[in-house]
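Asker: Before we start, here is the structure in question, set down as structure tokens.
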Amino acid sequence: MTTAVNVPDTAPVVQKLSFVDRWLAVWILLAMGVGLALGRFVPGLNTMLDSLSIGGISLPIAIGLLVMMYPVLAKVRYDETHRVTGDRKLLILSLVLNWVVGPAFMFILAWVFLPDLPEFRTGLIIVGLVRCIAMVFIWNDMACGDREAAAVLVAINSVFQLIAYGALGWFYLQALPSWLGLETTSAQFSLGAIVTSVLVFLGVPLLAGFLTRTYGEKAKGRAWYEDKFLPKIGPWSLYGLLFTIVLLFAMQGEAITSQPWDVARIAVPLLIYFVLMFLVSFFASKMVGLNYAKSTSVAFTASGNNFELAIAVAIGTFGITSGQALAGVVGPLIEVPVLVGLVYVALWLGRRLFPNDPTVPVPTTQKVIS
């Protein structure tokens, strides 16, 4: 996102980070705090923000996500994505983790931790069924993952999301609980909401990034594009991220702060889910022979969730004041700080698990987090 300050190579890693990058976790936590405070103490703010929506998509959130994702997707070298699509180990592992392991793991956690709270349990299962198609690019880029791999995996997950979401919802809310003698839940998922989410939160910035890269390189060359243009638009990813976080938590600040015990009950399984899904995916990628950069991309695409879609589905199906909607709202409350922390875990593990891997980021006086 930014460039590190110029210090000797012998200096500690933290000294080689720019001021913004060094305190990135603090900025994100502050953005969450500001959003929660605004939602709690500014009367009618959440209602006003909720009203700024079209087709179930919040316009302010959509703007923030587009600003956040465009610079990252403009960095992708689309002419190199063929090396990702030809990597069967990468694709198969990612599909298994995202569409078999992830939903099953969330189903188990929901029933173990929330057996007496069916609304929250259902909301967690809904969160577990959606794969991240927005913020995953930020976490992957911060951890120096493979940008091309992340773009391909997110695109594939989006296709599976369109095809499989309704079927998986039926399986985990009705079929599987019935087979196990557990309580079932009836829910109808809007295919339109899923399609709209994918098109807005992935399709638009992906197309913009592809066109910018294609015509920018054609007009000025790759050297100009990567050395001059990308550094200028790079910081906007952070601005968009912080703006989105403030808005998201402002919209749900009252619901979160007025039900702290409920939030805590929902937070525990979510915390376990994000951490274990990341670690399992990272180590599984290492075991099948993927390098650090691809392992990082697999881990973040498998552990992150599309909270925008989860919240939209929960509200559309069960209502804005439902427990299912609250569970969806708590998702980013836990996911954002946890996945920021996992960025540093990935960087720490990379230097230890991949000692001779050229894709492992080495602290330099150049861009540490670009």
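The values are calculated or read from the model by the stated rules, or taken from the named source; none is laboratory data. Just so it is clear, the model here is predicted, and its values are computed rather than measured. Cβ sites come from the backbone with ideal geometry, for glycine too, and all protein chains shown count toward neighbours.
Asker: State which residue pairs qualify: first residue farther than 12 Å from N291 by Cβ and inside the stretch 338-356, second residue of a type in the set (A, V, I, L, M, F, W, C) and not in a loop (DSSP other than H, G, I, E, B) in any location, beta carbons under 6 Å apart, and separation of 6 or more residues or different chains.
Answerer: V338/F274; L339/W139; V340/A25; V340/I28; L342/F278; V343/W139; V343/M142
Asker: Going by the structure shown, is V152 over 25 Å from S297 (Cβ atoms) and of a type outside the set (D, E, K, R)?
Answerer: For V152, the condition - over 25 Å from S297 (Cβ atoms) and of a type outside the set (D, E, K, R) - is not met.
Asker: Could I ask something else about it? Here are V280, V268, V288: which of them is more than 18 Å from L153 (Cβ to Cβ) and of a type in the set (V, I, T)?
Answerer: Answer to the selection: V268.
Asker: Would you please name the residue that is surrounded by the fewest Cβ atoms within 10 Å (Cβ to Cβ), looking only at residues in the stretch 34-59 that are among the β-branched types (V, I, T) and either modelled with pLDDT of 80 or more or farther than 25 Å from V313 by Cβ (or both)?
Answerer: Step by step, filter the stretch 34-59, then rank; the result is V42.
Asker: For V112, work out the one condition from (1) closer than 18 Å to V298 by Cβ; (2) surrounded by fewer than 16 Cβ atoms within 10 Å (Cβ to Cβ); (3) in contact (Cβ under 8 Å) with a residue 60 or more places away in the chain it doesn't fulfil.
Answerer: (1)
Asker: Please work out which residue is nearest to E119 (Cα to Cα), limiting yourself to the stretch 139-189 and to residues that are among the hydrophobic types (A, V, I, L, M, F, W, C) and outside any helix (DSSP H, G or I).
Answerer: Only one residue fits best here, namely A187.
Asker: Same structure again: Determine if the stretch 124-134 includes at least one residue that is closer than 23 Å to P71 by Cβ, of a type in the set (A, V, I, L, M), part of a helix (DSSP H, G or I) and modelled with pLDDT under 90.
Answerer: No, every residue in the stretch 124-134 fails to be closer than 23 Å to P71 by Cβ, of a type in the set (A, V, I, L, M), part of a helix (DSSP H, G or I) and modelled with pLDDT under 90.
Asker: Sort out for me the helices (runs of 4 or more DSSP H) sitting completely within the stretch 193-291 that have 2 or more residues that are of a type in the set (S, T, Y).
Answerer: In the stretch 193-291, 204-220, 235-258, 260-287 are the helices (runs of 4 or more DSSP H) which contain 2 or more residues that are of a type in the set (S, T, Y).
Asker: Among the candidates V313, V362, V368, single out the residue that is of a type outside the set (G, A, S), surrounded by 24 or more Cβ atoms within 10 Å (Cβ to Cβ), modelled with pLDDT under 80 and over 20 Å from F120 (Cα atoms).
Answerer: Sole residue among the options that is of a type outside the set (G, A, S), surrounded by 24 or more Cβ atoms within 10 Å (Cβ to Cβ), modelled with pLDDT under 80 and over 20 Å from F120 (Cα atoms): V368.
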